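A.B. asks: Below: one structure in structure tokens.
The values are calculated or read from the model by the stated rules, or taken from the named source; none is laboratory data. From a predicted model like this one, the values you see are computed outputs, not experimental measurements. In this analysis, Cβ positions are derived from the backbone assuming ideal geometry, glycine residues included, and neighbour counts consider all displayed protein chains. Only protein heavy atoms, including side chains, enter the accessible area calculation; ligands, DNA and RNA are left aside. Shrake-Rupley method; radii C 1.70, N 1.55, O 1.52, S 1.80 Å.
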Amino acid sequence: MPSSGHRLRDVEHHPLLTENDSYDSSSSSSSEAGVADGVWFIRDGCGMVCAVMTWLLVVYADFVVTFVMLLPSKDFWYAVANGVVFNCLAVLALSSHLRTMLTDPGAVPKGNATKEYMESLQLKPGEVVYKCPKCCCIKPERAHHCSICKRCIRKMDHHCPWVNNCVGERNQRFFVLFTMYIALSSVHALILCGLQFISCVRGQWTECSDFSPPITVILLIFLCLEGLLFFTFTAVMFGTQIHSICNDETEIERLKSEKPTWERRLRWEGMKSVFGGPPSLLWMNPFVGFRFRRLQTRPRKGGPELSV
């Protein structure tokens, strides 16, 4: 940019877009405005399969806990209390999963690398800005391009196929809640499995379940394996996410050993910036800020995201 005195950098040294370029920036802008009012969804085959598998495994665990272990129990209050707790954890986990998957993680608008937009930034002389050559956008600080979402994501931590979305600036909170509730429900299921095995062995597998002993054993063993795997994975992810938030450093920045050029928000300041406001029970609520959106049918040019 010889006229304004600031510099534009990108890997492939692409020039700024002009009004005569093939990329339709006005169409992109109006399309991006529609995404803000709609629900973000990534059309990735692997991600959609993993997301469906996550839901099926949670539903399976709920089936075994409810119909194999709790309903046949002779202790009414034991069954009610554990049923309420487990189903509440399952609902909160799946709600957090939906919010993570259907929330825009912080996508940078496509095609905003125009001279008009650069002039509107009012950059200081000599200031360097970066353009992504893949989605033709001016990359904000700490933004990274996701090859699956095909977008630059603000404060991108990683792309998780199990939620079929990137974990970034706007949905990290829901991802943390998802891992926490899955870990808690896995622990609860493992405890119930242990108690059920003890009860069945003491009763010589008579009247401990409405299913036959072989079917009951298979269902309980599979649930134990699922619980162990889910707990191990989500507990590790929950710990790394909390560590990243408290250190104000994304997983990508940590792996690349990037030196911080921003003012770090450490510990509680980082938690407040992600979860919003001072510590409260609202931090644990995945429904905060949720509102129903009407179905929108409109064409999109390029990109795998879908708005409804």
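A.B. asks: Would you list R99, R254 from the most to the least accessible area, probe 1.4 Å?
C.D. replies: From most exposed to least exposed: R254, R99.
A.B. asks: Still on this structure: Taking +1 at the Cβ of each Lys and Arg and -1 at the Cβ of each Asp and Glu, which of I148, F86, H97 sits farthest along the dipole of segment 61-194 towards its positive end, judged by Cα position relative to the Cα centre?
C.D. replies: Among I148, F86, H97, the one farthest towards the positive end of the dipole of segment 61-194 is I148.
A.B. asks: Ranked by accessible surface with a 1.4 Å probe, highest first, in what order do W55, W283 come?
C.D. replies: Output order, biggest surface exposure first: W55, W283.
A.B. asks: Residues with amide H under 5 Å of H158's amide H, sequence separation 5 or more or different chain, H placed in the peptide plane at 1.01 Å from N; which?
C.D. replies: Correct list: V167.
A.B. asks: Amide H to amide H, which residues 5 or more places from I148 or on other chains are under 5 Å from it, using H placed in the peptide plane?
C.D. replies: HN-HN under 5 Å from I148: empty list.
A.B. asks: Oh, and also: What nm distance separates the two modelled labels at R264 and V84, each placed 7 Å from Cα along Cα→Cβ?
C.D. replies: Result: 4.4 nm between the two label points.
A.B. asks: Okay, next question. Based only on the alpha carbon positions, what is the Kirkwood hydrodynamic radius of segment 173-232, in angstrom?
C.D. replies: Final number for the Kirkwood radius of segment 173-232 is 12.5 Å.
A.B. asks: Compute the separation of the alpha-carbon centres of segment 218-255 and segment 61-111 and state it in Å as a whole number.
C.D. replies: If we compute the Cα centre of each part, the gap is 17 Å.
A.B. asks: With +1 on each Lys and Arg Cβ and -1 on each Asp and Glu Cβ, how big is the dipole of segment 110-254 about its Cα centre, in debye rounded to the nearest 20?
C.D. replies: Approximately 640 debye in magnitude.
A.B. asks: A further question on this structure: Give the residues of segment 187-215 whose amide nitrogen is closer than 19 Å to a point set 7 Å from the Cα of L229 in the direction of its Cβ.
C.D. replies: 187-191, 193-194
A.B. asks: Taking the full set of protein chains and a 1.4 angstrom probe, give the accessible area of E269 in square angstrom, rounded to the nearest 10.
C.D. replies: Rounded to the nearest 10, the figure is 100 Å².
A.B. asks: Calculate, for segment 134-203, the solvent-accessible area per residue in square angstrom, rolling a 1.4 angstrom probe over the heavy atoms of the protein chains.
C.D. replies: 36
A.B. asks: Follow-up question, since we're still on this one. Roughly speaking, to the nearest percent, how much of segment 117-233's 1.4 Å accessible area is carbon and sulfur?
C.D. replies: With neighbouring chains kept in place, the figure for segment 117-233 is 64 percent.
A.B. asks: If R0 is 35 Å, what FRET efficiency do you get for F287 and D75 from their C-beta distance, rounded to 0.05?
C.D. replies: Using R0 = 35 Å, I get an efficiency of 0.65.
A.B. asks: Using θ = phi - 60° and the Karplus curve 6.51 cos²θ - 1.76 cosθ + 1.60, what whole-Hz ³J(HN,Hα) does each residue of segment 193-202 get, with Gly and Pro shown as x?
C.D. replies: Coupling constants for segment 193-202: 4, x, 5, 5, 4, 4, 5, 5, 5, 5 Hz.
A.B. asks: Keeping all protein chains in position, work out how much accessible area Y78 exposes to a 1.4 Å probe, and write it in Å² to the nearest 10.
C.D. replies: Accessible surface of Y78 is approximately 70 Å².
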